[in-house]
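Asker: Okay, handing you the structure first.
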Amino acid sequence: MIPGSLLVPGSLMAPGPAWEGFSFARPAGLWALLAPVLLWLVARERSEPPALATGAFALWRELGNRPAVRTKEARRCVPPAVRFAIAALSFGALAAAGPRFSGAPLPRTWVLLVDQSPSTSLALDDGRTRLEQALAGALDWLASRGAPGDRVSWRTPARSELELPWGERPPPDWLAHPRWFAPEPDFALADRSGTAWVTDRMPFAPANAACFASGGARVAGPVASSGLTRIDWDGGRLIEVEDALSSRPVTELPAGAAPRELEELFALWALERGFSLDRATAGAALVFEAAPEGPDGEAQAGRDGWTARGRALAGGLPPEALADPAGERWLEVEGAGGTRETLVFASPGRVRVAWRSFERVAGDPAAFALSWSRLFDRVVLPPPGIVPLAERQDAGQKQFLVPELEDRPSGGRDDSGRIEGGLALAAALCALAAAGSAGPRRA
């Protein structure tokens with residue numbers, strides 16, 4: 001919104017746009033227009049004629065040489081000096097009000113920062129999830145403040161950023177809770193005007209962003225698993241339920257597609273965790289994926305106390321294999337020209353490797369096995385319905401915090417300084433003209 005407006009007397013203190021692209025920055029200054037109006041009215045009033053001595057023949061002769069003026073015309077006669085003074089006061093009042101021309105308000109990009117951590121998937125008393133209730137509040141807020149032409153940037157750590165026209169919602173699969181334990185957004189980095197936090201628990205009171213926190217009571221249920229054993233929380237204690245889970249598949253690498261050491265280690269890990277090996281990827285808790293076809297090259301890299309040397313996809317994994325925003329470049333090596341080549345990329349439910357074969361693995365064999373096993377444990381998808389214990393706790397009361405928004409930016413050039421300066425110059429010139437017209441005795 002552009003500050004100020006052109007208004008009629010009686011509403012000068014209520015700023016608002018008068019017409020497209022024109023406004024007054026200080027509309028109260030228009031009250032000064034009353035001064036030239038009053039001066040005009042006073043000047044139009046016929047004043048009493050001056051008393052003159054009639055004994056002087058020269059005075060009679062001077063009056064006789066002047067044309068006769070009718071009373072009505074004399075009453076309306078406003079001297080040029082007064083006219084210039086009225087113009088000076090008018091220009092000065094307009095300059096004090098701060099007129100300006102600027103472009104129409106520009107479209108705005110709003111940001112909805114969506115929390116898809118496991119706690120927001122819990123149900124409330126009305127049947128909606130915590131996320132659904134918070135999102136409904138944010139969408140109502142956005143509908144009342146947005147305008148056609150605006151854009152909305154939907155962001156969450158679990159998905160790629162999505163920018164849509166105002167009033168359009170993301171597809172259901174984008175808003176759906178991920179199968180893994182997504183982290184909360186970093187709200188501290190998104191405390192800006194035009195941004196709305198959509199969550200269940202307000203992390204802190206924002207200074208500029210809006211916050212829509214659904215709240216919610218604690219919810220008992222499954223909190224973890226170990227093999228086929230499910231661990232439940234009844235609201236006070238943990239209960240182990242044996243054989244409550246069915247064996248889930250994990251997708252193994254095709255034979256010879258990756259180093260033999262990794263194939264054997266993955267099979268041992270799956271057996272230890274109670275998973276079954278399968279070639280299919282649909283419904284798999286973890287997919288172990290080899291690099292696509294391409295030329296090989298020498299590679300050497302390591303971490304966690306081990307180092308491997310062997311053959312890997314030249315240049316590392318391609319960019320399309322690294323696109324998951326929730327992924328991690330778990331193992332990298334410096335390539336030609338100082339670039340970093342990714343040999344292992346891990347994302348929820350998937351591990352991609354660029355290694356073709358190992359010539360030698362140096363270091364403690366136990367460290368090698370532990371390092372990879374921890375990676376598999378971290379990215380394997382949990383069984384359906386599992387929500388960590390910390391996420392099932394009481395989220396407090398519903399809190400919708402809506403601060404004032406910054407003014408919309410306007411397009412075009414702001415000519416307020418030039419306009420005010422021109423009006424002030426015109427007022428000064430009119431004042432000089434009034435002084436010159438009045439003569440030296442009345443100036």
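Asker: Determine the gain in length on full extension of the stretch E328-V402; use 0.36 nm per residue of separation and subtract their C-alpha separation, reporting nm with one decimal. Walk me through the intermediate numbers first.
Answerer: Details: separation 74, 0.36 × 74 = 26.64 nm, distance 3.52 nm.
Length gained between E328 and V402: 23.1 nm.
Asker: Separate question: By count of other Cβ within 10 Å, fewest leading, how are L265, L253, L425 ordered? Intermediate results must be reported in sequence, preceding the final value.
Answerer: Details: L265 17, L253 20, L425 12.
With the sparsest Cβ surroundings first, the list reads L425, L265, L253.
Asker: How much length is gained on full extension from D278 to A205, taking 0.36 nm per residue of separation minus their Cα-Cα distance? Walk me through the numbers before you get to the answer.
Answerer: Values: separation 73, 0.36 × 73 = 26.28 nm, distance 4.85 nm.
Stretched fully, the D278-A205 segment lengthens by 21.4 nm.
Asker: So, one more: Pick out, in residue order, every one of the trypsin sites (Lys or Arg not before Pro) in the stretch 186-278 that is DSSP loop and has at most 16 other C-beta atoms within 10 Å; say none if there are none.
Answerer: Working: sites: R192, R201, R218, R230, R237, R260, R273; in loops: R192, R201, R218, R237.
Answer in residue order: R192, R218, R237.
Asker: Taking 37 °C and 0.692 mPa s as the conditions, I'd like the Stokes-Einstein D for the stretch 249-382 in µm²/s, using the Kirkwood hydrodynamic radius from alpha carbon pairs. Mind dumping the intermediate values first?
Answerer: Details: Rh = 14.9 Å.
Translational D for this selection: 220 µm²/s.
Any read-out appearing in this document is the output of simple, stated calculations on the displayed coordinates, not a laboratory observation. All values reported here derive from a predicted model rather than from experimental measurement. Positions of Cβ are generated from backbone atoms using ideal geometry, with glycine treated the same way; all protein chains shown enter the neighbour counts.
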